[in-house]
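K.L.:
Once you've had a glance at the structure underneath, I'll fire off some questions.
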Amino acid sequence: LYNVPEFYSLGLGDPYPVSAINGYGTGDLLDQVVKDLPKPDPDAEEKLDDIPKFAIVGRPNAGKSSLINAFIGEDRHIVTDIAGTTRDSIYTRYDKFGFDFYLVDTAGIRKKQKVSEDIEYYSVIRSIRAIEASDVCILMIDATRGIESQDGNIFSLIQRNKKGLVVCVNKWDLIEDRSLEAQKRYEAAVRSKFAPFTDFPILFTSALTKQRIYKVLETAI
């Protein structure tokens, strides 16, 4: 602590001595950080509940963040080839073209036995909470990887919570056979996987080329 006054010579204001190992000084530091934050709006949560919420859910790397970027017309959400880039549920208000709702980007949901990091565990918990708080879930399926058991698990989670559902078969531009017959075969496979619940729309999309993405919004509404 006797070295703290030396940091005044930097001209950066009052230094806050802290210790990560025992927590010394962290309370004072957090008080200073919180002091500069905007005051919470007591009506914010109520306002959030007044607007429909569409949760974009699915396995890792299915194109959830890419789809939201395509909707809003800017690269606001990080997109990489590395699965698990999105760690938290991110709310984005969409109020274009006569629409007004929240899009919720969620972390990819893997099987429990494949989740080894604590941060991924809590990311998945937040994704589940986003499903529970949503009005409609947009379930993303990666067309290049086909339908897997985890897609069925996520569907069951949506169904148990009695949420509206739109199934998006994404990355359809990467499929060699994109004929109507191929779409019908893929659609039949999806409905067979999710049977006996089959009364939901299935759309074949590409977040990259923006193929049919606005049909997703219209269908969710």
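The values are calculated or read from the model by the stated rules, or taken from the named source; none is laboratory data. Computed from a prediction, not measured in an experiment: that's the story for all the values here. Virtual Cβ from ideal backbone geometry, glycine too; neighbours counted across all protein chains shown.
K.L.:
Search the range 91-110 for residues being assigned to a loop (DSSP other than H, G, I, E, B) and of a type in the set (D, E, K, R), and hand back the single one that is modelled with the lowest pLDDT.
P.N.:
Per the stated criteria, the residue is 110.
K.L.:
Another question, if that's okay. Restricting to the range 91-107, name every residue that is of a type in the set (Val, Ile, Thr) and touching a Ser or Thr at 6+ places or on another chain (Cβ under 6 Å).
P.N.:
104, 106, listed by residue number.
K.L.:
Would you confirm whether or not the range 26-47 contains a residue that is more than 17 Å from residue 93 (Cβ to Cβ), at pLDDT 80 or above, of a type in the set (A, V, I, L, M, F, W, C) and surrounded by 12 or more Cβ atoms within 10 Å (Cβ to Cβ)?
P.N.:
yes
K.L.:
I've got another one for you. Do we have any residue at all in the range 122-144 that's surrounded by 13 or more Cβ atoms within 10 Å (Cβ to Cβ), of a type in the set (A, V, I, L, M) and farther than 26 Å from residue 92 by Cβ?
P.N.:
Scanning the range 122-144 turns up no residue that is surrounded by 13 or more Cβ atoms within 10 Å (Cβ to Cβ), of a type in the set (A, V, I, L, M) and farther than 26 Å from residue 92 by Cβ.
K.L.:
Also, I was wondering about something else. Of everything in the range 196-219 that's modelled with pLDDT of 90 or more and of a type in the set (A, V, I, L, M, F, W, C), which residue is surrounded by the fewest Cβ atoms within 10 Å (Cβ to Cβ)?
P.N.:
200
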